[in-house]
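Beneath this line is the structure, given in structure tokens, with notes to follow.
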Amino acid sequence: MESKDILNKVNENQAVQYELTKLKQSLDVMKDILDHEYQGMVLVDADGRIVKFNYEKLLGIKEKDVIGKHVDEVIDNTRLHIVIKTGKKEVNDVQKIQGKDMIATRIPIIKDGKILGAIGSVTFKDVRELKSLVHRIETYQKSVDKYKGEIRMMHEANYSFDHIISQNKRMEHLKEVAKIAAESNSTVLIQGESGTGKEYFAHGIHKASYRRYGSFVRINCAAIPKELLEAELFGYEEGAFTGARKEGKLGKLEIANGGTVLLDEIGTMPLEMQAKLLRVLEEREFERIGGTERIGLDIRVIASTNEELEEAIVKGKFRKDLYYRLNVIRLNIPPLRDRRDDIPLLSKHMIDDLSNKIGIESKEIACETMDIFQNYNWPGNVRELRNIIESALHLVKGNIICPENLPDYLIQNAKVGQKSAEEGLLLKDIVARAEIKAIREALEKTNGNRTEAAKRLGIHRTALYKKIEAYGLDISNL
Ligand SMILES: Nc1ncnc2c1ncn2[C@@H]1O[C@H](COP(=O)(O)OP(=O)(O)OP(=O)(O)O)[C@@H](O)[C@H]1O
Ligand SMILES: [Mg+2]
């Protein structure tokens, strides 16, 4: 996602949060009105004389002026003096007071069979006002529910462990570990190449945990500009800095409170932010930028990375202490090339799923196609497999996906693979050749647009940058 889109999304979310706060305030005001202006109480003794009176707001009569007076002299159409005779309570009786309909309840106070007095209460100045008030409250309530729902939807985990398709032993073991992790509140560190399913695991953990009704908030540390990351995490108060939104902004940590936060691509977090994050995780409290209030934090943290954090520590790019904080339960998701037994199952699953989405009949896979899949290196892992299947489903004519429905680079790779094996090349060289070829082709097809090229390859943009750098590719002529 472009940072512009992220900002839009963030602003949209802020607007909803702001709206929700406003609506809540309106509801509180309504409640206040109900409590004070619309309600009056009177207490009379056994003779019907007023002992306590708080109809001041309702009738404009002061308590001190009526204490000791007979209730019949003060309140129109009262029946409290009757209730102290009958000893029978009267509930929700319509009573006209000062020309307006009110709803009155009268309760006798009886002790040891003796009537000591009575309490009368009237609610709502006017029945018509009550109706419109109820209507307004209902409308507000609906809006609050709607916004709550929207916020939840924006911050919801969409996938569960059932969405993680695999028959591979290591993957099954990882799923078991993740399920156990879900039951605890421990921090989880998920490591794996781009497209291996790290985010699926994070969703799965949230959904299987007791926090599943809380928010699931993802922060992509790589996609958010360094300068904005702090505001994004902690939020800020009104006018905290130049350019800040007037009404302030909630941080993702605050939105995630009670739920789970996924710190995606944690390895790219600037060192300075790492220090701040560590402090927050240790103290379980934070402050909004420009704020003084300490906000308690009750979240589960899941961090994910596609680079080896251990290497980043050695290079001085990642704090060791933060690493130890995060690396409590560790999930290392193997790349697809190391679990080739998953390729047929995943292919079948994705063909069924995608053809259903596209609205076509499901297809079979030709053996030759599967051979190519089995020999390919899958730098973009499961995401790449899914992209390739999606494109093949659009190209396939009959009912069987054949090699000609696959992108050129995959077929070329199959040939290279054969030749290289004959030449006695090392696997890593074969892989490198195939990757360089695939990257070049993707960049050519997209006129050098790296975001688009990464998408085609099914890898993250940052992963593509790293590969271009690692292979020393000259792409200036594209
Ligand atoms: N085990 C799986 N079963 C089904 N689909 C999967 C599986 N693993 C990955 N996918 C598919 O691959 C896509 C990428 O997965 P995910 O977003 O979890 O990867 P990731 O490891 O977070 O990648 P990145 O590092 O690029 O963010 C998913 O949208 C999904 O379509
Ligand atoms: Mg991810």
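The values are calculated or read from the model by the stated rules, or taken from the named source; none is laboratory data. Since we're looking at a predicted model, the values are computed, not measured. Neighbour counts run over all protein chains shown; Cβ positions are idealised from the backbone, glycine included.
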Report task. Can you confirm whether the range 224-240 contains a residue that is within 16 Å of ligand 2 (Cβ to nearest atom) and buried (at least 21 other Cβ atoms within 10 Å of the Cβ)? Result -> yes
Query - Test: residue in the range 295-306 that is over 28 Å from Gln167 (Cβ atoms) and without any contact (Cβ under 8 Å) to a residue 40 or more places away in the chain - result: yes
Report summary line: Restricting the range 408-436 to residues that are among the charged types (D, E, K, R) and modelled with pLDDT under 85, the one surrounded by the most Cβ atoms within 10 Å (Cβ to Cβ) turns out to be Arg433
Query raised in the report: Counting just the residues of the range 67-106 that are more than 14 Å from Phe53 (Cα to Cα), among the basic types (Lys, Arg) and not in a strand (DSSP E or B), which one comes out nearest to the chain's Cα centre (by Cα)?
Result: Lys89
Query - Near pairs, Cβ below 9 angstrom, 6+ apart or cross-chain, from the range 197-222 (in a helix (DSSP H, G or I)) to any residue that is buried (at least 23 other Cβ atoms within 10 Å of the Cβ) and aromatic (Phe, Trp, Tyr) - result: Ala202/Phe216; His203/Phe216; His206/Phe216; Lys207/Phe216
Query - Every pair of residues 6+ apart whose Cβ atoms lie under 6 Å, when the first sits in the range 155-183 and is under 27 Å from Leu253 (Cα atoms) while the second is hydroxyl-bearing (Ser, Thr, Tyr) and more than 10 Å from ligand 1 (Cβ to nearest atom) - result: His155/Ser215; Ala182/Ser209
Query raised in the report: Which number in (1) touching a residue at least 12 places away in the same chain (Cβ under 8 Å); (2) within 11 Å of ligand 1 (Cβ to nearest atom) marks the one condition that Asp353 misses?
Result: (1)
Query raised in the report: Counting just the residues of the range 308-325 that are in contact (Cβ under 8 Å) with a residue 60 or more places away in the chain and within 16 Å of ligand 1 (Cβ to nearest atom), which one comes out nearest to Leu281 (Cα to Cα)?
Result: Leu309
